[in-house]
Structure formats: structure tokens, C-alpha cells
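> Let me begin by handing over the structure; questions about it come next.
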Amino acid sequence: MKIQSLDPRINRIQIDADAENPQAMLHPLENWPTYEVFHQKKRGTQHEHVGIVHAPSSELALAFAKEQFARRGETVNIWVVKTEHMMATDYSDADVFATTPEKTFRDPAAYSVKEKIDQWVAKQKNHAG
Amino acid sequence: MQDNIKQPFQQFVLQLADNLLVMGHRNSEWTGIGPIIEEDIAFASIAQDQVGQAWNLYQLLEKDFGFAHPDQVAFTRNEKEFFSSHLVEQPTGEYDFSLARHYFYDLAQLIRYEMLSRSSYEPLAKLAKKFHGEVKYHVFHAQTWMKQLMDGNEVSKARMQSAVNEVFPFVLGIFESVEGEEALIAEGIFEGEAALKDAWMQMVGAQLMEWGYALPPLAQPVFGGGKGYHSEYLQPLLDEMGEVFRLDPTAEW
């Protein structure tokens with residue numbers, strides 16, 4: 001497992017680094033670093049990721065984020081996080097999620113109570129019909 | 001409102017609105033050519049806020065004092081009938097000049113709105129409270145840049161310091177009292193330009209020192225705007241700003 005990335009903006013955990021398929025080489029950025037922006041509509045709700053801004057400091061990132069992402073609609077709070085401080089899974093490791101849709105036993109729909117409800121709905125239909 | 005108060009009050013509001021309109025128009029000249037897209041959008045929004053505040057103040061004059069429609073007031077007067085300061089009509093210059101002007105001007109606006117939110121003239125107090133949040137952001141934006149660039153390299157430090165020095169005499173000129181200001185002070189409508197300037201100087205001095213600027217040399221304020229005397233820069237700005245409106249002043253927008 002490596003925690004190094006050729007993309008200077010982000011660290012990716014490489015669970016199974018593929019030597020045959022190296023990542024494209026990225027050149028050092030000409031622009032300012034990027035900051036990820038999280039926006040909160042109402043107090044107590046989750047902040048949601050809405051995009052990025054380029055900025056030379058976290059203060060200016062906040063100043064920019066306010067106008068990029070909070071100029072319309074309700075806002076009570078904004079977070080900015082320097083992109084290089086984010087940790088993400090690698091897309092080449094997306095296979096770790098591959099079988100998730102098959103695990104229907106994790107859905108409430110898979111519980112036996114669902115069968116009971118379906119039967120009840122069907123009965124009601126017949127009754128009304 | 002009594003006549004001895006009405007006259008200076010109208011003039012005070014008009015001067016405030018004219019400053020905002022011309023400042024907003026000047027700042028909007030950066031739209032599309034700002035240093036980077038994020039800053040372009042932020043600065044354009046600030047310009048938009050300023051034009052919006054001017055519009056609200058012209059509207060107050062229309063509703064409570066029988067002035068013409070805000071568009072009429074904004075787009076059909078010539079420079080002699082405009083009471084904005086020399087500061088706001090100065091060309092945009094380089095970005096360092098625009099930023100230094102933005103910092104000094106918006107910090108003064110913030111203090112002005114804090115004072116006016118306690119005004120005995122309720123409709124103005126209400127507007128001041130409404131504008132306060134917008135200007136708080138303007139000041140945050142300006143201060144962050146002022147700090148950032150004085151914390152940069154030798155070029156950015158030198159450019160910011162000379163922008164501050166260059167703009168300072170014009171900045172002092174925004175504190176131009178209207179005739180009959182004593183009546184406004186006596187009525188608790190506005191605490192006066194002198195009190196505002198004192199509070200502003202204290203903050204400016206402390207902040208500039210904290211960020212590593214040298215205090216700008218003391219200067220003679222550039223007054224005259226409040227009496228309708230302007231530099232060669234205002235009339236061309238007004239011509240351009242009102243160009244479309246004057247094509248057909250009766251058009252419905």
C-alpha cells in the first residue's frame with residue numbers, strides 16, 4: 001500500500017498499485033493550489049461538497065468560495081479544505097465497491113417484513129377490486 | 001422632517017449614494033479582466049453590491065422626498081450635479097491601486113453603516129443594517145488581500161505600499177461634510193464625518209501596522225466632490241454609464 005501520488009494536489013491510497021499502468025505524469029501546477037468547498041444550507045444539516053476554488057491561502061479561499069458557491073440561495077456556513085489534505089480512494093480500486101449492489105441483505109427491502117408488507121398490499125388490492 | 005434638517009439630510013443621502021454608484025461602476029470595470037476567475041467573480045459581486053446599495057438610497061429619496069426615479073437620478077445628471085468624492089472617480093489603475101482603494105473605502109463604509117444603524121431616521125437605519133453584512137464581506141475580502149500581498153515578495157510589498165501612499169489623499173477626501181451637518185448630528189441622524197474619520201483612522205493605523213505597512217504620509221484631503229467639483233475623470237464615466245439609458249429614457253426595463 002502506497003500513500004504517494006504523482007498528482008501533487010491529492011494523496012491516493014493505492015491498494016494494488018499496477019506497474020503496467022502507471023499514472024500520467026503531472027507537471028507542477030502553474031496555478032494556485034486548490035481548495036475543496038463545502039456548503040451548509042441550514043444549521044445542523046450536513047455540509048455538502050460543492051466544488052473547488054484556486055487560492056493562495058485558506059482565507060482567500062473562503063473569500064472566493066463565498067462568491068462562487070454562496071451567491072444564490074440560503075447559506076449559513078462554508079468550509080474550505082486544501083485539496084492536498086484530502087485522502088481519497090483511487091479509481092483503479094473501484095472494484096472494492098463492485099459487489100456492494102449485490103448485498104441486498106443490507107437494504108431494508110431485503111428484510112422478511114418486506115414480504116409481509118407486499119402481501120398486505122396485494123390483499124388490499126384484491127379486496128378493493 | 002423640518003426644513004433645516006431636510007436639506008442637509010437629502011444632500012447627505014445623495015452624496016452617500018453617488019459615492020456608491022461611482023465606486024461600483026469603477027470596480028465593475030474589472031469584470032472579465034480580473035487577475036483570476038475566482039477574484040473576478042468576487043470583485044464583480046462587490047461592485048454589484050455597491051450599485052445595489054446606491055439604488056436603495058436613491059429609492060429612499062424618491063419615496064420619502066419626492067426625487068425622480070432612481071434610474072433618472074443615476075443616469076441623467078452631469079458631473080456638477082454629482083456629489084461623489086474624487087476617490088471613487090479615479091481610474092481603476094493597476095490591481096494594487098484598486099485593492100488599496102477598496103480596503104480604505106469599504107472599511108469606512110462599514111463604520112458608517114454601524115453609525116447609521118443607530119440613526120434616529122428609521123428608514124435609513126433599516127437600510128444601514130441591511131447593507132452591513134454585505135460590507136462586512138467586502139472588508140474581509142479587502143483585508144485578506146492587503147495582508148496577503150504585504151506578506152508576499154519584494155515586488156508585491158513595494159507595489160502595495162506605494163498604492164496605499166498614492167490613494168491616501170483621495171481616501172481622506174471621502175469624509176466631506178455636507179452643509180448643515182450640525183443639524184444632522186443634533187437630531188441623532190448621523191454622528192458626523194469627523195467622528196467617522198477618527199474611528200476609521202484608528203482602525204486603519206492599527207491594521208496597516210499589524211500587516212507590516214508603513215503608515216502613509218499625512219496629506220491634505222482631496223475635497224470638492226461633495227460640492228460638485230470633480231477631476232477630469234468623472235464626466236466620461238457618467239457619459240458611459242448613462243449611455244444606454246439616454247438612448248430612450250422612457251423605455252421600460
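> Any chance region B:45-62 includes a residue that's away from chain A (no Cβ under 14 Å), of a type in the set (D, E, K, R), under 28 Å from A:ALA55 (Cβ atoms) and touching a residue at least 12 places away in the same chain (Cβ under 8 Å)?
The answer is no; no qualifying residue exists.
> Only one of these conditions is not met by A:ARG106: (1) without any contact (Cβ under 8 Å) to a residue 60 or more places away in the chain; (2) of a type in the set (D, E, K, R); (3) out of contact with any Ser or Thr (no Cβ under 9 Å at 6 or more places or on another chain). Which number is it?
(3)
The rows are residues; the columns are (1) surrounded by fewer than 18 Cβ atoms within 10 Å (Cβ to Cβ); (2) closer than 20 Å to B:TRP253 by Cα; (3) not aliphatic (A, V, I, L, M).
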{"position": "B:GLN2", "(1), (2), (3)": "yes, no, yes"}
{"position": "B:THR31", "(1), (2), (3)": "yes, no, yes"}
{"position": "B:GLU38", "(1), (2), (3)": "no, no, yes"}
{"position": "B:LEU57", "(1), (2), (3)": "no, yes, no"}
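> Still on this structure, please answer the following. Just to be sure I understand the filter: pairs with C-beta atoms under 8 Å, separated by 6 or more residues or on different chains, first member in region B:135-156 and within 16 Å of B:TYR105 (Cβ to Cβ), second member β-branched (Val, Ile, Thr). Which pairs pass?
B:TYR137/B:ILE46; B:HIS138/B:ILE46; B:HIS141/B:ILE46
> When you scan region B:4-25, do you find a residue that is surrounded by fewer than 22 Cβ atoms within 10 Å (Cβ to Cβ), within 14 Å of chain A (Cβ to nearest Cβ) and under 15 Å from the mean Cα position of the chain (by Cα), even just one?
no
> While we're here: If you take the residues in region A:56-65 that are at the interface with chain B (Cβ under 7 Å from one of its Cβ atoms) and surrounded by 21 or more Cβ atoms within 10 Å (Cβ to Cβ), which one is nearest to the chain's Cα centre (by Cα)?
The selected residue is A:PHE64.
> Within region A:78-109, how many residues turn out to be assigned to a strand (DSSP E or B) and more than 14 Å from chain B (Cβ to nearest Cβ)?
Total satisfying the criteria: 6.
> Residue check, A:VAL121 against (1) modelled with pLDDT of 90 or more; (2) under 30 Å from B:ASP40 (Cα atoms), all met but one. Which one?
Exception for A:VAL121: condition (2).
The values are calculated or read from the model by the stated rules, or taken from the named source; none is laboratory data. Computed from a prediction, not measured in an experiment: that's the story for all the values here. Don't worry about glycine lacking a Cβ; one is built from the backbone with ideal geometry, like all the others, and counts go over all protein chains shown.
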